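Taking it in order: structure first as structure tokens, then the write-up.
The values are calculated or read from the model by the stated rules, or taken from the named source; none is laboratory data. A quick note: this is a predicted structure, and the numbers were derived from the prediction, not measured. FYI the Cβ positions are ideal-geometry reconstructions off the backbone, even for glycines, and counts take in every protein chain you see. Ligands, DNA and RNA are stripped out before the accessible areas are found, and what is left, the full protein with its side chains, is counted by its heavy atoms. Shrake-Rupley method; radii C 1.70, N 1.55, O 1.52, S 1.80 Å.
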Amino acid sequence: MTADGRFIMLDRYGAVKEASKDPNTGEMVMNPKPLAYLGPGRPLGAKYDAHGNLVICDAFKGLIMLEAGTNRVVLLTNHISSTSPLEPNTPVTYTNDLDIATDGTIYFTDSADINPHRNAQHVNNVTHIVSIKGVSGYYDTVKGWALGMLQGLPKGRLLAYYPHNKTTHVISWGFYYSNGVALSQDERSVALCETDRLRVLRIHLPPHERAGMSDIIIDKLPGTPDGISRSADGQSYWVSLVANIPSFTKWFGSPLVRGLLGHIPENLRPQVPTWGAVLKVTESGQLLQWLVDLKGETASKIPSAHEEDGRLYFGNLAGDYVSYVNLADLPPDGSQIGDD
């Protein structure tokens, strides 16, 4: 959300779109003309900096910026600097999500060492062949995640980009798909979603004496955590879950099963039911709210949740719409926890 109340959305084809509130109805109305086009790639997490620039994690290009005033697309970084104490001079291959500190430092995730690849868009789940209808394709981050999961290696990292000297350092590494990231209220740590281990971690930041080390905020989640954002009061986080955990995943511990699954055509693989959920959790891991659409009818495959003006907005990884819930319609935090 911009300072003047516009709602900014990024689609899988690289378009930056905006919606503004209708003064008569109070509802958001989409501008039919995109605000900007970011070029080939796949934009994911994004946030405005203090100068009005839109900083974007592009899974294909790296950390980029849509410059305020000019709409010029600027590449900030796609590699680790030689001055990094960890993994210097290595590429950034899968930029995913970010948050920006008050001093301008950009903390962002590099999820895996597998680049997203371009596919065609189909209605039959076969996404690895060119569309005979000539339908425009996109860079498929879901398949990138799936291949990384089947690989079964901890290649995810938490990175920091320092605008004052344009360097990029590795803060921490060894995650099974590092995904959403959000700064703590005191900015001494970040909360990070480790998708494949179904948990949210606290990563301590420099100059903390435990910089780069992690603690578990919450784990054993019922779905794959994707995005995370701070609540409006700054006291807790909204964690979005893209999909629940089907029973067949119990076989994924076997490297043989994962290897075979990687060679099965996508339309023949077990399908994950449509589902969407968001939870609200404190920095200490206390569960405050649990919102779920069991059939994914109004909110499904939620990669992000954003609280603004009394509403909680939900992104949609596979759909073409944004949904929301009025927070005033929900029970108070914690009121249903432990109830029958």
Original post:
Can you pull out the residues in region 261-275 that are modelled with pLDDT under 90 and either under 21 Å from the mean Cα position of the chain (by Cα) or part of a strand (DSSP E or B) (or both)?
Top reply: Val272, Pro273, Thr274
Subject >> Flag for Gly319 being without any contact (Cβ under 8 Å) to a residue 40 or more places away in the chain, in contact with a Lys or Arg (Cβ under 8 Å, 6 or more places away or on another chain) and either farther than 19 Å from Met30 by Cβ or in a loop (DSSP other than H, G, I, E, B) (or both) >> reply: yes
**OP:** Identify all residues within region 48-91 that are of a type in the set (Val, Ile, Thr) and touching a Phe, Trp or Tyr at 6+ places or on another chain (Cβ under 9 Å); write none if there are none.
**Re:** Val55, Val73, Thr77
**OP:** Determine which single condition Pro32 fails, assuming it passes every other condition in (1) out of contact with any Phe, Trp or Tyr (no Cβ under 9 Å at 6 or more places or on another chain); (2) part of a strand (DSSP E or B).
**Re:** (2)
**OP:** Can you work out which of the residues in region 215-237 that are among the acidic types (Asp, Glu) and assigned to a strand (DSSP E or B) is farthest from the chain's Cα centre (by Cα)?
**Re:** Asp215
**OP:** Return the residue satisfying two criteria in turn: it lies in region 301-317 and is closer than 18 Å to Gly180 by Cβ and open to solvent by 60 Å² or more (accessible area, probe 1.4 Å), and of such residues it is modelled with the lowest pLDDT.
**Re:** Lys301
Original post:
Could you say which residue among Gly69, Gly14, Gly62 is free of Cβ contacts under 8 Å to residues at least 24 places away in the same chain and on the phi > 0 side of the Ramachandran plot?
Top reply: Gly69
**OP:** Would you check if there is a residue in region 271-291 being surrounded by fewer than 19 Cβ atoms within 10 Å (Cβ to Cβ) and free of Cβ contacts under 8 Å to residues at least 24 places away in the same chain?
**Re:** no
Original post:
Is region 247-260 home to any residue that is surrounded by 12 or more Cβ atoms within 10 Å (Cβ to Cβ), modelled with pLDDT under 90, in contact with a strand residue (DSSP E or B) (Cβ under 8 Å, 6 or more places away or on another chain) and among the small types (Gly, Ala, Ser)?
Top reply: no
**OP:** Determine if region 276-287 includes at least one residue that is modelled with pLDDT of 85 or more, in contact with a helix residue (DSSP H, G or I) (Cβ under 7 Å, 6 or more places away or on another chain), in a strand (DSSP E or B) and within 24 Å of Asp11 (Cα to Cα).
**Re:** no
Original post:
Hey, among the residues in region 64-110 that are of a type in the set (Val, Ile, Thr) and not in a strand (DSSP E or B), which one's farthest from Arg157 (Cα to Cα)?
Top reply: Thr70
Subject >> Flag if Thr298 is assigned to a loop (DSSP other than H, G, I, E, B), open to solvent by 70 Å² or more (accessible area, probe 1.4 Å) and modelled with pLDDT under 95 >> reply: yes
Subject >> Members of region 38-60 that are in contact with a Lys or Arg (Cβ under 9 Å, 6 or more places away or on another chain) and surrounded by fewer than 14 Cβ atoms within 10 Å (Cβ to Cβ) >> reply: Gly39, Pro40
**OP:** Go through (1) modelled with pLDDT of 95 or more; (2) farther than 28 Å from Ile171 by Cα; (3) in contact with a strand residue (DSSP E or B) (Cβ under 7 Å, 6 or more places away or on another chain); (4) open to solvent by 70 Å² or more (accessible area, probe 1.4 Å) and name the single condition Arg72 misses.
**Re:** (3)
Original post:
Which of (1) over 19 Å from Arg157 (Cα atoms); (2) open to solvent by 50 Å² or more (accessible area, probe 1.4 Å); (3) of a type in the set (Asp, Glu) is the odd one out, the single condition Glu266 does not satisfy?
Top reply: (2)
**OP:** Filter region 151-178 for residues that are part of a loop (DSSP other than H, G, I, E, B), within 22 Å of Ile64 (Cβ to Cβ) and aromatic (Phe, Trp, Tyr) and give the result.
**Re:** Tyr177
**OP:** Could you check Leu35 against (1) surrounded by fewer than 20 Cβ atoms within 10 Å (Cβ to Cβ); (2) on the phi > 0 side of the Ramachandran plot; (3) at pLDDT below 95; (4) of a type outside the set (Phe, Trp, Tyr) and say which number it fails?
**Re:** (2)
